[in-house]
Amino acid sequence: MPDLPVDMAQLTQHLAKINALSPDTSGQNRLVYSPGWVAAQRQLLAWGQELGLTVTLDDYGTVYLDLVGRVQPETIIATGSHMDTVVQGGPLDGLYGVLGGLQALLTLKQALGQPKKTLRVIAFSEEEGSRFPTTFSGSKHYARIEDTTGLKDKDGLDFDSARTAAVAQLAGPDIQRTLPKLPATFTELHIEQGPRLAAAKAQIGLVAAIVGQRRYTVTVTGVANHAGTTPMAQRQDAFQATVQFINRLFLLAQSLSPDLTFTVGELALTPNTVNVIPGKVVFTVDCRHTDTTVLDNFETLMGNTAALLSHDPLTISVSRWAKIPPVQLDQQLLAQNANLADQLQLSHLTLASGAGHDSQIMTQVTPTTMIFVPSIKGISHAPQEATATPDLLAGVQLLTASLYRQAY
């Protein structure tokens, strides 16, 4: 394998440039189709044009940067991740995979020139599900699996209008407007978003599988009433029922599997006033596991528990709005990356991802693999998210070697 020196200073500058586009917020808030998201995708498009890459924008705002191959240009070796973030997210989630992929492509171009096969960097429009009640809308569109429509965000703005307006701001001269061909392989570089690599003191995580996810909205409807004059025994308190329901779900999750994660991430009370018994509570449930049977069993138990605790006039309803199956990633690419990590003398660990990624979608249409680097203290989805510079470098070095092996 040739010497492929990665310009870490350039990668650091690119990361800082994108993160600086949201200077007045706590953490990164690049929700899909927001002004900060538009600014970030616009900057990526500009870099692609400056570097002489073929630049493409699809109808969902996903950006594709191609270094066209000289022998088999129709065969595409792709890498990338997503541009959007959660609310008050960190500086690396998604973005590291996009810009690390760009750095790997530039390293190969500068060291070896044009590849035999086309190299592609992808910045998917949306993965997090932080603005609209959907996930992976960008990669689902690219994979021709599903188009997202008819959804509204918390302010009542609809997905289709937001998408159309944002993409119109990104379109410009020398930017192709189409849905590009699917790649022959896809590799996603990402921070681990957990403590396992850090605990094992491993530089690289090689991902064998990704957990399945289910997301639900639970609505508990009781009767709002006066906090001082309504006896405790006669209350239909939606919040007290919520507390009881969540506690039972927590115990059920523990009983099914110690690896089943269960999170209540959003909760809203109505009327949310100090002297009124809550008449309504709406909250979300996120649960994840590598076994579909465990997820199915938890969903059944959740429905049974809702029915058990409901009594006229207090009701509990559960609505599932996301169902992402667990997936196994490509074993051949994983083995190849393990071999390359050994050659580069990078310590590595094979594991399953506890977080969802665009790779879950891409594996349905092409051989897909993931490369993890450690998160300091396992922190992610927070402004404190960070990875040591040597670990960021190691991830790009392995990605560069993997793309070299596949495209040159």
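Show the residues, 5+ positions off or on another chain, whose built amide H is closer than 5 Å to the amide H of R131.
V32
Could you calculate the FRET efficiency of A199 with H226 from 1/(1 + (r/R0)^6), where r is the beta carbon distance between them and R0 is 56 Å, rounded to 0.05?
For R0 = 56 Å, the calculated efficiency reads 0.60.
Hey, which of these cross-link pairs are over 26 Å Cα-Cα: K152/K377; K109/K181; K140/K377?
K152/K377; K140/K377
Any idea what angle helix 238-256 forms with the longest principal axis of the chain, computed on alpha-carbon atoms, 0 to 90 degrees, nearest 10?
Tilt relative to the chain: about 50 degrees.
Mind checking the angle between helix 292-309 and the chain's longest principal axis? C-alpha axes, 0 to 90 degrees, to the nearest 10.
The two axes meet at around 20 degrees.
For segment 38-94, what ratio Rg/Rh do Cα atoms give with a Kirkwood hydrodynamic radius?
Radius of gyration over Kirkwood radius for segment 38-94 works out to 1.02.
Determine, at each q value in 0.27 (inverse angstroms), the log₁₀ of I(q)/I(0) that the Debye formula gives when each Cα of segment 1-65 is one equal point scatterer.
Debye curve over Cα of segment 1-65, log10 I(q)/I(0) at q = 0.27 Å⁻¹: -1.21.
Would you kindly state how much longer the chain becomes between A20 and L112 on full extension, computed as 0.36 nm times their sequence separation minus their alpha carbon distance, in nm to one decimal?
Using 0.36 nm per residue and subtracting the Cα-Cα distance, I get 29.9 nm.
What are the residues whose amide H is under 5 Å from the amide H of H381, where those residues sit 5 or more places off or on another chain and H is modelled from the backbone?
G90
Measure nothing but the geometry: give the 0 to 90° angle between the long axis through the Cα atoms of 159-170 and the longest principal axis through the Cα atoms of the chain, rounded to 10°.
30
Any chance you could get the radius of gyration and Dmax over the Cα atoms of segment 241-336, in Å?
Reported Rg and Dmax, both Å: 17.0, 63.
Would you mind checking the radius of gyration and Dmax of segment 72-165 based on alpha-carbon positions, in Å?
Just the Cα atoms of segment 72-165 yield Rg and Dmax of 16.0, 50 Å.
When the helix-only estimate is applied to the chain (DSSP H runs of n ≥ 4, each -39,500 (n - 2.57), divided by the residue count), what is the mean residue ellipticity at 222 nm, nearest 500 deg cm²/dmol?
After summing the helix terms and dividing by residue count, I get -11000 deg cm²/dmol.
Counting C-alpha atoms alone, how compact is the chain: give Rg to one decimal and Dmax as a whole number, in angstrom.
Considering the chain through its Cα atoms, Rg and Dmax are 22.9, 81 Å.
Which aspartates and glutamates does K116 reach when only Cα atoms under 15 Å apart count, and residues fewer than 8 places away in its own chain are ignored?
D66, E74
Computed from the coordinates by the stated procedures, all read-outs in this text should not be read as laboratory data. Predicted model, so just to flag it, every value in this text is computed and none were measured. Every residue, glycine as well, gets a Cβ built from its backbone with ideal geometry; the counts of neighbours run over all protein chains shown.
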